[in-house]
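Engineer: My structure is below; once you've seen it, I'll send some questions.
What follows is calculated from the coordinates using simple rules that are stated; it is not laboratory data. For clarity, every value in this text was computed on a predicted model and none was experimentally measured. Here Cβ is always computed from backbone atoms with ideal geometry, including for glycine, and neighbour counts include all displayed protein chains.
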Amino acid sequence: MGRIQANFKADSEETANQYSISEWWMEANTKGIGAHSHDHENEIFYVLEGTMSFLVGDEWRDAKQGSFIFVPAGVQHDFENRSERRAGVLNVFAPGAFESNMPEIVDWFKDHPPEDVR
């Protein structure tokens with residue numbers, strides 16, 4: 001997805017559709033997909049490297065390496081890398097299978113390549 005990469009570590013088949021786990025890596029100065037929400041799924045993000053900025057509800061917050069961010073179902077959220085270096089997060093999406101969304105997300109990024117934050 002251009003300057004964004006996703007690697008799935010556990011998918012719905014492996015977890016009886018209870019959750020999926022993925023790593024998301026963003027190059028420096030890269031916007032995410034935009035604010036969105038999931039009606040029934042919670043998300044947990046753990047920052048693996050660098051600093052990632054998260055929108056949760058109507059508030060942006062910077063999360064450094066080692067930080068956890070929880071996004072309850074139904075809450076608008078987004079993430080982007082506002083820093084000058086690559087950053088990565090581990091994502092837990094539960095319940096369900098986030099990987100089933102990836103073909104649509106990849107297609108969206110083909111038409112809307114990741115933009116600069118600034």
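Engineer: Among the residues of the stretch 14-37, count how many are touching a helix residue (DSSP H, G or I) at 6+ places or on another chain (Cβ under 9 Å) and either outside any strand (DSSP E or B) or exposed (fewer than 14 other Cβ atoms within 10 Å of the Cβ) (or both).
Structural biologist: Count: 2.
Engineer: Could you go through the stretch 55-70 and let me know if any residue there is over 17 Å from Glu23 (Cβ atoms), touching a strand residue (DSSP E or B) at 6+ places or on another chain (Cβ under 6 Å), of a type in the set (Val, Ile, Thr) and part of a strand (DSSP E or B).
Structural biologist: yes
Engineer: Taking Asn91 and the conditions (1) in contact (Cβ under 8 Å) with a residue 40 or more places away in the chain; (2) over 19 Å from Met1 (Cα atoms); (3) of a type in the set (S, T, N, Q), which numbered condition does it fall short on, given that it satisfies the others?
Structural biologist: Every condition holds for Asn91 apart from (2).
Engineer: Additional query: Select, from Phe54, Phe93, the only residue that is farther than 20 Å from Ser12 by Cβ and surrounded by 16 or more Cβ atoms within 10 Å (Cβ to Cβ).
Structural biologist: Going through Phe54, Phe93 in turn, just one is farther than 20 Å from Ser12 by Cβ and surrounded by 16 or more Cβ atoms within 10 Å (Cβ to Cβ): Phe54.
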